[in-house]
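Rule-based calculations on the coordinates, nothing more; no lab input. As the structure is a computational prediction, the values presented were derived from the model and not from experiment. Because the Cβ atoms are built from the backbone with ideal geometry, glycine has one as well, and the counts that use them run over all protein chains shown.
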Amino acid sequence: MKIYRVGGAVRDALLGLPVRDHDWVVVGATPEALAAEGYLPVGKDFPVFLHPKTREEYALARTERKTAQGYHGFAVHAAPDVTLEDDLARRDLTINAIAQDAEGVLTDPYGGQRDISARVLRHVTIAFAEDPVRILRVARFAARFTDFSVAPETLQLMRDMVAGGEVDALVPERVWQELARGLMERQPSRMFEVLRDCGALRKLLPEVERLWGVPQRAEYHPEVDTGVHLMMVLDMAAQLDAPLPVRFACLGHDLGKGTTPLADLPRHIGHEERSARLLKGLCQRLRVPTDCREIADVVAREHGNIHRSAEFNAAALVRLLERCDAFRKPQRFADILLACEYDARGRLGLSEQPYPQRQRLLAALSAAQSVPTHEVAAAAEALGESGAKIGERVHAARVVAVATSAAQT
């Protein structure tokens, strides 16, 4: 039995990057032999074990045989006769198909070190085509390793996979998992660039794909193209280290512009509500988590109003705060404002522009929150009022507080 460190840990060490997770492959062993040494079996589809002390994953060397369409359609063979080279051959990219033994000696049968030096993402073998998740992984790696390019032959293989219907077999949870991870990389726009180049974006996120080539008003959007704008917004969010819900809200904020009638171009009248409707379908299809879905819905519906909020009086500001559910969820509202700021700054030549709307709205929320709502409610009840009448009095008191605060600044 021999144990090797494999995958991302080896790759990142060679790139001079911090190594966070370690994966190990065990050659020449059986499940029984590992279990006898205290390893805990956890793999459902193939033999994976947790180390008895470190709890890191150790997988038996294995090969795979395609049995059906999709990423579940594999028969796995793990046995002592499976070699290290056999195991590395089933991996996605050459840069992930390098192993290191306990003495630090590297095994690199597929040229991973060469491709690291050349900054190329290249598939290991034609077996790459058997797993459609690998299309998403390549796109995600392009977003992480921003100076790497996809090898032409790998991109062509990905196109062939899309044409062959492999992407259609992806399950929603896996698409969301890879999409979410890609959104959190250094330059998310590169993920979408790769997915567009191979044709997968049209299959997976048609609402996003149709944004390219859609014009916007140049006085507000010097970059003009809606798809280009969206990528600039995502990269701005990544540059400023936004959390996932904010980045997803950025992704969905302008979907409605892809369905603007030709007669309305380039103004996009009513695109906010269309964006919200399209976003709802996308979230249902990919089973997007609630925290991401909720903030994205508000940003899609209200980002235009938030941009224009400098023109609003106190009453309009309070109504906007209420529609955004800012009183119940102030932290979420702060994230909503961040997404709107990235939208405003994700435009050609405007990345450094200030966004005073965010501070003004946060100040308005703070002023409105200072209203002692329980006292307002008690006074209304003393007058025999209840229900909607109490709500009206609370609303009016908040308007006065916001107006007073604005007058003092």
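Summary table below
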quantity: Stretch in the chain that is longest and holds no trypsin sites (Lys or Arg not before Pro) that DSSP places in a loop and that have at most 16 other beta carbons within 10 Å; calculated: 329-409
quantity: Lys, Arg +1 and Asp, Glu -1 on Cβ, resulting dipole of the chain about Cα centre, debye, nearest 20; calculated: 840 debye
quantity: Centroid-to-centroid separation of segment 1-19 and segment 281-320 [C-alpha atoms, Å]; calculated: 43 Å
quantity: Antiparallel %, DSSP beta bridges [both residues in the chain], to 5; calculated: 80 percent
quantity: Theoretical ellipticity at 222 nm over the chain - DSSP helices of four or more residues, -39500 (n - 2.57) apiece, nearest 500; calculated: -15500 deg cm²/dmol
quantity: Cα-Cα pairs of segment 1-118 separated by more than 21 Å (percent); calculated: 39 percent
quantity: Bins of 10 Å, starting at 0 and running to the largest distance - Cα pair percent for segment 92-155; calculated: 22, 52, 23, 3
quantity: Net +/- balance of residues flanking M161 in space, Cβ distance below 10 Å, scoring K and R +1, D and E -1; calculated: -2
quantity: Highest-fluctuation residue, Y110, Y220, Y58 considered, GNM on the chain with Cα pairs under 10 Å; calculated: Y220
quantity: Under 18 Å from K329, Cα to Cα: aspartates and glutamates that are on another chain or at least 8 residues apart; calculated: D291, E294, D297, E302
quantity: Within a Gaussian network of the chain (alpha carbon springs, distance under 10 Å), most fluctuating of A310, A263, A99; calculated: A263
quantity: Environment charge at Q113 (Cβ cut-off 14 Å; Lys +1, Arg +1, Asp -1, Glu -1); calculated: +1
quantity: Helical segments meeting 27 Å axial Cα length and Kyte-Doolittle -0.5 threshold in the chain (DSSP H); calculated: 388-407
quantity: Förster-model FRET efficiency, 41 Å R0, V224 and S386, C-beta, rounded to 0.05; calculated: 0.15
quantity: Segment 1-118: relative contact order in percent, alpha carbon pairs under 8 Å with at least 6 residues between; calculated: 25 percent
quantity: Coarse-grained scattering of segment 253-328 at q = 0.11, 0.16, 0.18 Å⁻¹, given as base-10 log I(q)/I(0) from a Debye sum over alpha-carbon atoms; calculated: -0.33, -0.65, -0.79
quantity: More than 31 angstrom apart: percent of Cα pairs within the chain; calculated: 51 percent
quantity: Rg/Rh (Cα only; Kirkwood hydrodynamic radius) as it applies to segment 17-61; calculated: 0.99
